[in-house]
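Please read the structure below before turning to the comments.
All of the numbers you see were taken from the coordinates with simple rules; none came from a lab. A quick note: this is a predicted structure, and the numbers were derived from the prediction, not measured. Using ideal geometry, Cβ is built from the backbone for each residue, glycine included, and neighbour counts are taken over all protein chains shown.
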Amino acid sequence: MSSESNHPRDEIQDLLDGRLDGSERARVERHLEECEECRREWRTLARVKSAAATALKAKDVPSELAAQTVAALDREDRPEEPRRTSAVLAGRWRPAAALALAAAVAAIAFLLARDQKSASVPDAVARDYAALRAGKLHLQIGTGEPRALERFFAARGIGFETNVFDLGMMGYRLIGGRVHTVRGRPSALFVYRGEQNKILVCQMFEGSARDLPPGADMRRHGGISFFVYRRDTRTLVFWPEGEVLCVLTSDADAEEVIALAFAKAVPT
Amino acid sequence: MSATSPESEKRARFETTALPFIKSVFNMALRLTRRTEDAKDLVQETYLRAYRTFDNFRPGTNCKAWLFTILYSIFVNRYHRERRAPDTVSVEELEQKFHRSLAAPATPESGAPGRPPEWTDREVEVAFDELPESFREVVLLVDVEELTYDEAAAALGCPVGTIRSRLSRARKALFVALEEYARKTGYLKEASEKK
């Protein structure tokens, strides 16, 4: 009975990709209810689409890539320095360029090492806190709802599971967050306000304890190691959760910030 | 005097807007080049070019799609010129194979007796790697990265209708490849291993 033209093949694909609306969508859905052949095709293509989305999604990025990309941007921002980036990025080495290559590699190593020193992770996090306090860093979403913020981070490309905790019981109210970067790594940044206008900032980004410089005051609680740093009046408490590094920063009392971190750290 | 220069503001805006997508950009680069070192080069050059032309990015539009547009342009210019070969897929043959497989599937749908839940990620990756490049591109952009047809068309520099038809063929080709693989290896083996 059914000739090829009776089957809305193209529209089945449009339905699958959410490109139909209103009456057109209803018409195709009605057809699917009545036509086993098209229904099977629709289900099969949906399986393929879903399998591709799962199997081919982004895997881990080489750990050095974000830092190298930031270093390349740094060089771009310093036009007075010799432009070695394009040579490095072109990836086409020839024997005659060996000397230039060696120089470029050395320069990159130097720049990376210098960057690591000049802006350690705690320094960068402390700067973010100061910028927020000074109103120079703005929140992209204002919400007191932890799940809404987690959905926001997922929608904005944060590639790991964020854990926005509720600190209401401890006197801190969630006020919002933003997608940020810490040393070039995407970071989920969220902010709480406590009594007397105390501000508590949490950041989560991919990393490990190896990213932290020496000099931390070490604490252990619940089987987790905490790395405590002081920067001016601020206390920064880092701890790892799987492949993510979390940090709480505040100018509240140091022991209070540490206690908040103890309360919220999730053993992995 | 302002505390932050326009350059540092631009840099901060760029890092906040574009860097969160580095994972997706790297994935796309790796799936296109198939070599980690090439992919890393491609990612860095994409970000550099994006940074230089960041004024062209319209806030509120899809930054990830914009980055893919830049990435694809660099990819075509650098890697493609010598490798680009016409896709040799016969549409009629593909349709015949697809409908044959549909009528007598080697992999019953999820939930059917004796059938593992779905294809494994590895099977999908192997089948995907066998697809022509033009098919892989649209699957990555639309199915994996969830770009709209319009955004994918802008990234690849082709009409929206081309995205639609390529995507249709790409999914069918992926299904046919997975089915052929299943016939070769046989799921009965897995069913018996489960017992």
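Measure up B:K10/B:K64; A:K49/B:K23; A:K264/B:K23; B:K40/B:K97; B:K64/B:K97 against 29 Å on the Cα-Cα distance and list the ones that go over. Can you show the working numbers first?
Details: B:K10/B:K64 18 Å; A:K49/B:K23 20 Å; A:K264/B:K23 27 Å; B:K40/B:K97 37 Å; B:K64/B:K97 35 Å.
In this structure, B:K40/B:K97; B:K64/B:K97 exceed 29 Å between Cα atoms.
Using a simple spin-label model with points 7 Å from Cα along the Cα→Cβ vector, what separation in nm is obtained for B:T120 and A:R173?
That separation, rounded to one decimal, is 5.3 nm.
Quick one: check the C-alpha center-to-center distance for the stretch A:117-154 versus the stretch B:5-58, whole angstrom.
Centre-to-centre distance over Cα atoms comes out at 21 Å.
Add +1 for every Lys or Arg and -1 for every Asp or Glu among the other residues with Cβ under 14 Å from the Cβ of B:F26, and state the total. Could the numbers behind the result be given before it?
Values: positive: A:K57, A:K59, A:R185, B:K23, B:R31, B:R34, B:R35, B:K40, B:K64; negative: A:D60, A:E64, A:E206, B:E37, B:D38, B:D41, B:E45, B:E145.
Neighbour charge sum, excluding B:F26 itself: +1.
At 7 Å along the Cα-to-beta-carbon direction for both B:R49 and A:R127, put a label point, then send me their distance in nm to one decimal.
Between B:R49 and A:R127, the simple spin-label model gives 2.9 nm.
Counting only other chains, what is the mean number of Cβ atoms within 10 angstrom of the Cβ of each residue in peptide A:40-50?
6
Inside 10 Å of the C-beta atoms of A:63-76, what's the mean count of C-beta atoms belonging to other chains?
Values: counts 0, 1, 10, 6, 0, 4, 14, 5, 1, 6, 11, 1, 1, 5.
Taking the mean over all residues of the peptide, I get 5.
Once label points are set 7 Å from the Cα along Cα→Cβ at both A:Q140 and A:K59, what is their separation, rounded to one decimal in nm?
2.7 nm
Need one value for B:155-167: mean number of C-beta atoms belonging to other chains within 10 Å of its residues' C-beta atoms.
On the way: counts 0, 0, 0, 0, 0, 0, 0, 0, 1, 5, 2, 0, 5.
Mean shielding by partner chains, rounded to a whole number: 1.
Roughly how many debye, to the nearest 20, is the charge dipole of the stretch B:6-83 about its Cα centre, given +1 on each Lys and Arg Cβ, -1 on each Asp and Glu Cβ, and no other charges?
260 debye
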